[in-house]
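Let me begin by presenting the structure, written as structure tokens, before commenting on it.
The values are calculated or read from the model by the stated rules, or taken from the named source; none is laboratory data. Treat the numbers as computed from the prediction; the structure is a model and nothing was measured. Here the Cβ is made from the backbone with ideal geometry for all residues, glycine too, and neighbour counts use every protein chain on show. Just so you know, the surface numbers come from the protein's heavy atoms only, side chains and all, with ligands and any DNA or RNA stripped out. Shrake-Rupley method; radii C 1.70, N 1.55, O 1.52, S 1.80 Å.
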Amino acid sequence: MKQAAKKAGVAPSTVRHFIRAEVIAGNQIELPSGRKMRSVDKQSLTEIAILAKGCVTLDQAAKQLVLPKARIRDLIADGILKPLVSRMHGNAAAWLIPKQQVQALVFAGTETMHSPPTINVRYILKYWHLRDGEFIALVRALLANQLKPVGKPDESVPLGNIQLDEQQTWQWLAEMRYADGASISVDQAAKRLGLKQQVVYDLVRLRLLTTIQDHLPGRRVTQASLDNFQATYMSLAEYAKSVNRAPRWLLQTLPVQPVSGPLIDGSRQYFFRRSDLYGELSGNGASLIAPSSPNEME
């Protein structure tokens, strides 16, 4: 096996780990003295050389992808990179990762109509304080084309250096964390509700929208709180749109009272309980009367 390694131009340990990984066939015999001798077929020499030439070490992969070695290990642990020889299996002296797999993490840019503020992956790793699993999620989002590198289509950029739309990437991260149960800021809650920020701050002040204080600064909104608010309350504007009526006309004719609004508590918008709008109206047999003149629709 030592001779095979020398002729193939690789370390004996590389040949040994190729055999363990069943990439090449190996033989073992026991001598009369009790020593064990490993050997490989001469025909495997070319295959060994080609395999070794088609791979890079972990250090080389880190340099080519412009990433810390710890992040390359994360990619290996998750199966995005699958080494032929790995220290994780069999205590190999070195890692051997197929170049083709490393090349799959080199991306072409995508041209955009405008030039958004961009940020590269190395900056994200250094300053965004990603949580466990979020780096892998980011890579998988890139591979699935959910996030697109910003740049020229004819330029190939390694993973660590690719430029991403900063706002889009931050929104993607916030969405992922929110779906995973993380809280969001009041401003982010306003975007989800399609309301102005000050309106939502009024809802928080009036305790119609419940907030919490976690390890992040400011009052925070959970998904459960947002779902509960949307299931319980409805703005006058939203209700008016659903029944194709003017908000002012509805406010004057509805037989139920809003729970919040300019003339009630000084807040900017009127809100009703959904149960009042739909439950009592249907229970009492009340119906909305279409306005008799266009002025009533104002």
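Filtered by the rule that a residue be open to solvent by 70 Å² or more (accessible area, probe 1.4 Å) and over 19 Å from V56 (Cα atoms), segment 1-17 gives K2, Q3, K7. Within segment 167-219, the set of residues being of a type in the set (A, V, I, L, M, F, W, C), surrounded by 14 or more Cβ atoms within 10 Å (Cβ to Cβ), modelled with pLDDT of 85 or more and more than 13 Å from the chain's Cα centre (by Cα) comprises V186, A189, A190, L193, L195, V199, V200, L203, V204, L206, L208, L209.
Of all residue pairs spaced 6 or more apart or on separate chains, those with beta-carbon atoms under 6 Å, a first member in segment 46-63 that is within 13 Å of Q100 (Cα to Cα) and surrounded by 19 or more Cβ atoms within 10 Å (Cβ to Cβ) and a second member that is modelled with pLDDT under 75 and not hydroxyl-bearing (S, T, Y) are A52/V10. Quick check, is L254 modelled with pLDDT under 95 and surrounded by 18 or more Cβ atoms within 10 Å (Cβ to Cβ)? Yes, satisfied. Counting residues in segment 69-81 that are within 17 Å of the chain's Cα centre (by Cα), open to solvent by 40 Å² or more (accessible area, probe 1.4 Å), farther than 30 Å from A8 by Cβ and without any contact (Cβ under 8 Å) to a residue 40 or more places away in the chain gives zero.
Only one of the numbered conditions (1) open to solvent by 30 Å² or more (accessible area, probe 1.4 Å); (2) assigned to a loop (DSSP other than H, G, I, E, B) is violated by A224, and that is (2).
Of all residues in segment 137-168, which are over 14 Å from L65 (Cβ atoms) and β-branched (V, I, T)? Listed by number, the list holds a single entry, V150.
Counting just the residues of segment 142-166 that are aliphatic (A, V, I, L, M) and more than 16 Å from T118 (Cβ to Cβ), which one comes out surrounded by the fewest Cβ atoms within 10 Å (Cβ to Cβ)? Top of the filtered list is A144.
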